[in-house]
Structure formats: structure tokens, C-alpha cells
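One structure is given below, encoded as C-alpha cells.
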Amino acid sequence: MNPYANVTQLRSGLDNGDFSAEELSHFYLDRIDAEEDLNCFITVDAEGVLEAAKRADKAIADKRIGPLTGIPIAHKDIFCTRGLLTSCASRMLNNFVAPYDATVVERLKRAGAITIGKTNMDEFAMGSSNETSFYGPVKNPWDRECVPGGSSGGSAAAVAAGLAAACTGSDTGGSIRQPASFCGVTGLKPTYGRVSRYGMIAFASSLDQGGPLARSASDAGTLLNAMEGYDPNDSTSAIADATDIFSSSRALKIGIPSQYWNDLSPSLTKVLEEARRALESLGHRAVSVELPHTNAATAVYYVIAGAEASTNLSRYDGIRYGHRTASPENLEDLYQFSRSEGFGSEVKRRILTGTYALSVGYYDAYYLKAQQIRRLIRQDFLDAFGEVDVILTPVSPSTAFKREALIEDPISMYQQDIYTTPASLAGLPALSLPCGVSDQMPVGMQFIGPHFGESSLLTLGREYQSETDWHALHPADNHD
Amino acid sequence: MDQQTIDKLLSLSRLSLLPDDREKLLRDLSSIVGLVDFMRSIDTEGVEPLAHPLEVTQRLRPDEPDTSFDQEHYQAIAPQIRDGLYLVPRVVE
């Protein structure tokens, strides 16, 4: 069996009887076991996936086949899974067995997918290197000294290492796209509101969006199709007319924003330029666009995300669920010690930053100011999409960096998100896909589209991937 | 940013820190404030704040009874309960 088979190949293998869902699950379980050193998983549900696989095999025999029937996937440990530990990689939720399924989990189940486990991540999705997890860092399968990116680092590394067919992730400021880029896989952050947030543990509610990490734009589209759609349980879920996942190919105008390209290192510029030329040779036209407020995005993002996080994380009080300190003397102690013991240092730093931005005397200067610039950033994109169909940018200023290189320096770590936070602030869909290698590490490019314009991004991605092989490289190639 | 501000933020957030961590936090928060101070250079005169990326209004569901939650199922994950009540240290003497 090929660990790097995509969803289409697995679908036909299962339907043709080349292998059963049970055999496929055993295959991935063995691989997960053999690759324990990568630390991609917080929970492996061997019993659950094998039971579900037996049901899937029965469904396939009965010709009751959904798009993902019998295909093992893993969920980022931010999605609630009924009866399974849902820790958000925090000591705070180290004992939290979710009482219900997130909408994303339920919908993927309905499409036939079977859950093999829960992937490691930065604590409460706060981090760009997967080093803030209570369960220890994830290693990058391309170079085990390096980080896989974050916060959906376990999901990206699991897909890259062939431990699951695809994974879910969540993206607040780049948490699907940057790890996808660092691990050489394809990741999609959908338009804000396209995928329900119900049962996805909240970090920054005006930014959080679930999405797929997969082997190709085609697979990402298949997963999006199963995950998306209006959900009455999420009041920010968008009621949009059903939009297609793919569209027919046409010549696109691709915007190249100088603000994203000018400061890029020579080695990454070379790879990105090559990708631009490949897109042009497919018949698309690259033109310059301006996104003048780009350099304010990191500051705006850290104020808004911090403010929303400090509010969202106030629910962890040691009373209804989660970590509770032993023998508190009074109610104040119960709150303070449960929270101080339960949260790690990056989470505390963000809560305190957010509390500062929201506190009396600073609210106007920070929170309100950030919301004003957020509108300017969004307007930049709306203006640009008056002229172009898609915007092409790098995903990250570097390839995967070494563990511990940035963890002591929050500012340098935050600046990793410089190319991903603007689309998040504007609520736009963005696709991260492999477009080359630099020093034997994968490099990603990002397509940003207008609201609900996923079909242009996925279609362009599929077209690019039908002409190039970067998405089909895998870490084993590094050892050949 | 000074120790007094840190004290206030810790108290508002119901968090506490070890002495060594306080020093590091003061340094980190000072540099984060330095980073976000960049926003001052942007002219936002007359710009309406943006709270939601799609600018839609919050919907309300119809005011009709929906599925009830099973109390026992949801309280099974609580650290301490008795007779369906969450237990906390004594608040009223």
C-alpha cells in the first residue's frame, strides 16, 4: 500500500476491492506506531477506527458509498470528538473528553470518513512552531531537527509522513497555511463563515476557521465539500448560496503585491518566481497590485487575536470542566490556581496582551485602532480584487526553522505570520501549496481569493498540480 | 509597561506567575507593546472599526425550544459535582 496515496486513489482502491478499509486502517496505525518519534498524535483511536472501518467495509459492499467512506483521517485536537480526549494540547483540557462532536467532525463522518486519531498542535492554537504543546513538540518529517510549523503542526506532519490520508486543521492567523508550507502539503483556510466553528475550541472568534490539510488541491476540495455549509449552531456561519468547489479553468489575472515580495530572501524569491512563471505558462497573466497596509497586519492581528483570546479563555475556571487545582482555600484561589497551572506560558502571554488591549485607558489606542486598520486592510484586498482574480504571495518568510530557534523571542515568532495574517483579518480564503524546495526543505506559495472564491483557488491549484510535481514530493525522497 | 501594570493584568486575568517568569513577562509584554505601537503610524481618521470580516449582523434563532442537553452526560466531565450541582469552596459563611 502506498502511504502517500491521495483520496482519489484510495477511493478507487477501496471501491475496486484492492484493499479493505480495515486493512487501510491497520496500515496507517502501523505507520503511526513506527513514526511515534514525530509526535504527530495526542490520541490514536485504534479501537474506534477499526470498528468504523468494519462498518465502512459493509457500506462499500452494500454500495452505500460516500465520497470519503472508509478513508482514515485525523482531526486537529481542537475539534470536539464525542467520547475522545479533546485537549487542545493544553494541560487545562488534559482530562476533557468531549461530550459532543464538532460540526466539522460530524459532517466528515457523514461523508464516510473514519477518525484515526487527534493530532498535536500548539496549545490552544497559539504558536507558529508546534513547540507550545503540553504534549511536547512535533518534529518535521523532512528534517527532524526542524519544526513542522504551527499551530496545525501535527496535522501537517501527519499528512507529510503518510500517517493519514488527510487531516483537519484550524487557521486563525496562518495555522493551516504555514505548517502546510513547512511540511510540503496543501492546506486551505476557507472564507470566514464557510465552515462551522461549532465544537471547534475558540481562540479568536472573528478569525478562527477550520479547513483541510491534504496531499493536493483536489483532495482539499473533496474535504471542504464535506465540511462546509451553513450551521444553525454557529451564529457566525455564513448563509451563502451554494458555491462550487471547483470551476472550469479560465485565464486568470494574478495579482503580485510588492509588499509581500520585496523583502523575501533571494532563495525563496527564486522559488516563488519560478512558480509565477509556471502559472503564466498555463495561460494566466501576472500583474502588480498594491496592498499598502500589509505591514500593519502583524500588530493588528496580535491585538485583535489577543483581545478575543483573553475573552474566550475566561471560560476556563476549574468548575465545569478542565483542570482544577487541588484543595483551593477559596473561590478566588480556585480560579487563579486552576488557570495558572492549566495554561502554558504562551497562552498566558496572549491572555495578558489581550487584557491590556481591552483595559480602561488603552482600549481606544489598541483595540479600536486595530479594528480601524483591520478595515483598511480588508479594503486594500477589495480594491485589488476589482482588478485581479487571485493574489499570489509567499506563505512564510522562511522554510521550516530549527526547534528552539525562535521560541524565546515572541516578536520574531509573531513575525513568521506576516504573510498569512492579512487574509485572516479580511476573512478571505487562502490556499497554501508546495511550489519548490530550498535547501531540501519544502517551500509553499499562497493563493488569496475574494470572499467565497475558493473555487478559483482550488481550480488554479489543481491545474498547477497537474503540471508540476512539488505536491507529490515526500520526506522519504530526502533520504534517497 | 511596569510591574504595577503586570499586577493589574494578572489580577484581571485571574492568573499568577513565579517571580522569574514575571521578569520575562515584563520584557516580553514590553516588546509586544513596542510591536503594536507601530499602529500609531497609520492614519485612521474617520475610519469605522471593523468587528466582523463579512460585516453581517448576528442572527437570532427562532425562540422555540430546541434539543435539551442531558445534564448527567454534560456533568460527567466536571471536576466536582454533587446531586447535579457544581461544587466550589464555601462562598457564604
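The values are calculated or read from the model by the stated rules, or taken from the named source; none is laboratory data. This is a predicted model, so every value here is computed, not measured. Here Cβ is always computed from backbone atoms with ideal geometry, including for glycine, and neighbour counts include all displayed protein chains.
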Whichever residue in the range A:422-480 is of a type in the set (Val, Ile, Thr) and either under 15 Å from A:Pro397 (Cα atoms) or not in a helix (DSSP H, G or I) (or both) and, among such residues, is farthest from the chain's Cα centre (by Cα) = A:Thr468
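Suppose we filter the range B:25-80 for residues that are within 27 Å of A:Gln415 (Cα to Cα) and touching a residue at least 12 places away in the same chain (Cβ under 8 Å); how many remain?
Residues of the range B:25-80 that are within 27 Å of A:Gln415 (Cα to Cα), as a first pass: B:25-45, B:47-54.
Now drop any that are not touching a residue at least 12 places away in the same chain (Cβ under 8 Å), which leaves B:25-26, B:29-30, B:33.
Number satisfying all stated conditions: 5.
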Subset of the range A:36-49 (residues that are over 21 Å from the mean Cα position of the chain (by Cα) and more than 20 Å from A:Cys80 (Cα to Cα)) | A:Glu36, A:Asp37
Which is over 27 Å from B:Val91 (Cα atoms) and aromatic (Phe, Trp, Tyr), of A:Tyr335, A:Tyr321, A:Tyr301?
-> A:Tyr301
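Taking the options A:Tyr335, A:Tyr321, name whichever one is over 21 Å from B:Leu35 (Cβ atoms), facing chain B (nearest Cβ under 8 Å) and not in a helix (DSSP H, G or I). Outline the logic, then answer.
Values: A:Tyr335 fails: not in a helix (DSSP H, G or I).
Every option except A:Tyr321 fails the conditions.
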By residue number, the members of the range A:77-93 that are within 12 Å of another protein chain (Cβ to nearest Cβ), in contact (Cβ under 8 Å) with a residue 60 or more places away in the chain and not in a helix (DSSP H, G or I) are A:Cys80, A:Thr86
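Please find, within the range B:68-93, the residue that is farthest from the other protein chains (Cβ to nearest Cβ) out of those that are among the small types (Gly, Ala, Ser) and surrounded by 10 or more Cβ atoms within 10 Å (Cβ to Cβ). Steps first, answer last, please.
Kept after step one, since they are among the small types (Gly, Ala, Ser), are these residues of the range B:68-93: B:68, B:76, B:78, B:84.
Checking which are surrounded by 10 or more Cβ atoms within 10 Å (Cβ to Cβ) leaves us with B:76, B:78.
On the way: B:Ala76: 7, B:Ala78: 6 Å.
Per the criteria, the residue is B:Ala76.
For every residue, the table says whether it meets (1) away from chain B (no Cβ under 14 Å); (2) surrounded by fewer than 21 Cβ atoms within 10 Å (Cβ to Cβ); (3) on the phi < 0 side of the Ramachandran plot.
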{"site": "A:Tyr260", "(1), (2), (3)": "yes, no, yes"}
{"site": "A:Pro266", "(1), (2), (3)": "yes, yes, yes"}
{"site": "A:Thr269", "(1), (2), (3)": "yes, yes, yes"}
{"site": "A:Leu272", "(1), (2), (3)": "yes, no, yes"}
{"site": "A:Arg276", "(1), (2), (3)": "yes, yes, yes"}
{"site": "A:Ala286", "(1), (2), (3)": "yes, yes, yes"}
{"site": "A:Val289", "(1), (2), (3)": "yes, no, yes"}
{"site": "A:Tyr302", "(1), (2), (3)": "no, no, yes"}
Considering every residue within the range A:406-413, establish whether at least one is in contact with a His (Cβ under 9 Å, 6 or more places away or on another chain), at the interface with chain B (Cβ under 8 Å from one of its Cβ atoms), surrounded by fewer than 24 Cβ atoms within 10 Å (Cβ to Cβ) and touching a residue at least 24 places away in the same chain (Cβ under 8 Å).
-> no
Give me a count of the residues in the range A:263-320 that are within 16 Å of A:Leu392 (Cβ to Cβ) and hydroxyl-bearing (Ser, Thr, Tyr).
-> 4
If you go through the range A:338-354, how many residues are more than 26 Å from the chain's Cα centre (by Cα) and either polar (S, T, N, Q) or facing chain B (nearest Cβ under 7 Å) (or both)?
-> 3
Could you figure out which of (1) facing chain B (nearest Cβ under 9 Å); (2) part of a helix (DSSP H, G or I); (3) at pLDDT 95 or above isn't true of A:Asn312?
-> (1)
Could you tell me whether any residue of the range A:225-236 is touching a Cys at 6+ places or on another chain (Cβ under 7 Å) and away from chain B (no Cβ under 14 Å)?
-> no
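Going by the structure shown, is A:Arg374 among the charged types (D, E, K, R), touching a residue at least 40 places away in the same chain (Cβ under 8 Å) and facing chain B (nearest Cβ under 7 Å)? Give the derivation first.
Numbers: among the charged types (D, E, K, R): yes; touching a residue at least 40 places away in the same chain (Cβ under 8 Å): yes; facing chain B (nearest Cβ under 7 Å): yes.
Against the criterion (among the charged types (D, E, K, R), touching a residue at least 40 places away in the same chain (Cβ under 8 Å) and facing chain B (nearest Cβ under 7 Å)), A:Arg374 qualifies.
Quickly run through the range A:152-199 and pick out the residues that are within 21 Å of B:Glu55 (Cα to Cα) and over 8 Å from the mean Cα position of the chain (by Cα). Even if it seems obvious, please write down each step before you answer.
The initial filter retains those residues of the range A:152-199 that are within 21 Å of B:Glu55 (Cα to Cα), namely A:171-173, A:189-198.
Within the range A:152-199, A:Thr172, A:Gly173, A:Pro190, A:Thr191, A:Tyr192, A:Gly193, A:Arg194, A:Val195, A:Ser196, A:Arg197, A:Tyr198 meet the criteria.
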